[in-house]
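Laboratory data are not the source of any read-out in this text; all were calculated from the coordinates shown. Since the structure is predicted, the reported quantities are computational estimates derived from the model, not experimental observations. Here Cβ is always computed from backbone atoms with ideal geometry, including for glycine, and neighbour counts include all displayed protein chains.
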Amino acid sequence: MTDSDDIEEWSTRFAVLSDPTRLRLVSYMHEKSGASVAELAVAVGITENAASQSLRALRARGWVETTKSGRTVHYRVVADAIVHRILHDIMGAEHRHD
């Protein structure tokens with residue numbers, strides 16, 4: 001049987017991804033790495049403030065990382081994060097090669 005602490009940790013992980021907005025953001029970032037908050041907000045149909053709040057939750061889990069270019073912050077899914085594996089293994093996401 002799985003340790004009780006492990007179950008609590010997995011429950012928290014799934015709770016973060018149970019929010020449709022956060023899942024849409026992660027999916028979009030997976031497809032278009034390096035998007036800004038403004039671009040992410042438009043892509044998933046939410047306000048920049050709502051996008052920022054969701055991105056904070058994803059960063060807190062260690063699933064999203066940022067880089068800055070001037071005053072603009074760019075977001076991307078951490079390649080070795082569990083959420084990346086979930087996108088591929090469960091949701092069937094693939095990388096686009098432009």
Chain lengthening between Arg76 and Glu48 when straightened (0.36 nm per residue, less Cα-Cα): 8.4 nm
Cα-projected label distance for Ser69 with Ala15, points at 7 Å along beta-carbon direction, nm: 3.6 nm
Environment charge of Arg22, counting only residues whose C-beta is closer than 14 Å and scoring Lys/Arg +1, Asp/Glu -1: +4
Qualifying trypsin sites (Lys or Arg not before Pro) in region 1-85, DSSP loop, other Cβ atoms within 10 Å at most 10: Arg71
